[in-house]
Amino acid sequence: MTAPSKQAYVPFVSVANMMKLVLYVGLERVLTDLCAEIEDDFRRWGEFDKTPRVASHSDVGVIELMPTSDGETYGFKYVNGHPGNMKNGLQTVTAFGLLADVQTGYPILVSEMTLLTALRTAATSAMAAKWLAPKNARVMALIGNGAQAEFQALAFKAICGIEEVRFYDIDPAATAKCLENLKGSGIRLIACATAEAAIEGAQIITTVTADKQYATILSDNMVGTGVHINGVGGDCPGKTELHRDILLRSSIFVEYPPQTRVEGEIQALDPDHPVTELWQVITGVAAGRTAAAEVTLFDSVGFAIEDFAALRYVHGKVAQTGFCEQLDMIADPDDPRDLFGMLLRSA
């Protein structure tokens with residue numbers, strides 16, 4: 001049997017290697033790098049294929065595929081969202097992704113994306129706040145202290161200069177977990193007994209809860225003027241976090257309206273309610289925050305271009321560091337027409 005050629009092998013980044021890579025580069029450096037990569041791809045928004053993610057919904061959660069291409073490289077992510085998993089000791093969100101060469105169709109990277117999604121989500125939140133939050137914002141309320149929370153806190157520190165994070169979760173053990181994990185991070189960490197207490201004095205409010213239901217994590221009377229809100233937890237039909245009245249007095253910024261209108265906070269609004277696409281702010285086509293008293297809302301649901309940027313970043317880092325395994329993944333017969341013969345000769 002002939003050994004597989006180099007063409008047969010595809011770099012695979014396992015969870016173990018992703019953790020090694022992040023710790024080797026440095027967590028905050030990875031977050032700032034991802035922010036820059038995602039921002040660069042938002043600047044060339046028009047080059048990408050764009051489609052709402054393909055979702056398969058059930059009573060217990062959702063499984064989604066998120067594809068895109070810039071004409072040279074194709075990428076997709078498989079991701080699920082199952083809020084009930086936590087009761088069984090399982091992750092609410094798991095993911096993996098792939099990059100491929102458009103010219104040949106051959107995969108060039110396969111990677112875990114459970115950790116990478118947490119990193120890119122936090123980087124995207126902080127990137128949006130960089131453009132939309134009040135100037136010199138230094139205090140953030142973080143409501144929902146589950147698997148995403150620490151990544152969000154560190155991204156806002158590294159990218160936006162946040163100095164104090166005020167934590168609240170309906171489960172005090174989740175807040176305690178965050179405070180323990182973030183000891184020594186350089187952030188002032190404050191545990192709060194209520195969401196209202198967490199919001200007090202915050203210029204940025206980030207909600208990142210997991211329940212699949214129409215929820216009111218923030219009521220209208222909780223949100224004053226001049227704040228920026230990152231609505232991260234609402235990301236599928238029937239799953240929201242903000243009272244509708246907050247939306248009606250906010251300037252709303254989104255990734256891709258055809259997806260966000262189905263999955264985001266704005267599913268509660270009329271289909272033609274005005275929103276601004278974040279790429280337009282980044283490229284100067286549209287204004288971001290225009291007044292000190294304005295309430296800005298980034299209605300974040302996650303979009304494929306962000307995952308594409310994250311996978312492309314990992315692909316480059318793996319080439320430099322070697323934190324990967326090589327999978328014998330592509331059938332590579334000596335004669336491309338003789339796939340059957342390759343099978344026979346393998347005996």
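Please treat every number below as a calculation from the coordinates, not as lab data. What you see is a predicted model; the values in this text were computed from it and never measured. Note: ideal-geometry Cβ built from the backbone for every residue, glycine included; neighbour counts use all protein chains shown.
To the nearest 20 debye, what is the magnitude of the charge dipole of the range 121-303 about its Cα centre, counting +1 on the Cβ of each Lys and Arg and -1 on the Cβ of each Asp and Glu?
About 520 debye.
Remind me, relative contact order of the chain in percent, using alpha carbon pairs under 8 angstrom and six or more residues apart?
22 percent
Which value in nm describes the separation of the simple spin-label points at His273 and Ala193, placed 7 Å from the Cα toward the beta carbon?
Distance between label points: 3.4 nm.
Using the Cα centre of the range 121-303 as origin and beta-carbon charges of +1 (Lys, Arg) and -1 (Asp, Glu), tell me which of Ala202, Val281, Ala137 is placed farthest towards the positive end of the dipole.
Ala137
Count charges around Tyr168 for me, please; just the other residues with Cβ under 12 Å from its Cβ, Lys/Arg as +1, Asp/Glu as -1. Working shown, then result.
Working: positive: Arg166; negative: Asp169, Asp171, Glu196, Glu200.
Around Tyr168, the charge tally is -3.
Placing unit charges on C-beta atoms (Lys and Arg positive, Asp and Glu negative, everything else neutral), compute the dipole magnitude of the range 14-111 about its Cα centre in debye, rounded to 20.
400 debye
Go through Lys177/Lys317; Lys77/Lys239; Lys50/Lys135; Lys157/Lys177; Lys20/Lys77 and tell me which ones have a Cα-Cα distance over 23 Å in this structure.
Checking Cα-Cα distances, Lys177/Lys317; Lys50/Lys135 exceed 23 Å.
Quick one: His273, His82, fewest Cβ neighbours within 10 Å first, how do they rank?
Ascending number of Cβ neighbours within 10 Å: His273, His82.
What helices does the chain have that are whole DSSP H segments, at least 18 Å long along their own axis by Cα, and with mean Kyte-Doolittle hydropathy of 0.0 or more?
Those that pass (Cα extent of 18 Å or more, hydropathy at least 0.0) are 114-132, 304-321.
Roughly what % antiparallel, to the nearest 5, for the DSSP beta bridges in the range 5-158? Write down the numbers at each step before the final one.
On the way: 24 of 26 bridges.
Here the antiparallel bridges make up roughly 90 percent for the range 5-158.
Treating only the Cβ of Lys, Arg, Asp and Glu as charged (+1, +1, -1, -1), what charge dipole size does the chain show about its Cα centre? Round to the nearest 20 debye.
680 debye
Would you be so kind as to identify which of Gly46, Tyr74, Met19 lies farthest towards the positive end of the dipole of the range 1-75, taking Lys and Arg as +1 and Asp and Glu as -1 on Cβ and the Cα centre as origin?
Toward the positive end, the furthest listed residue is Met19.
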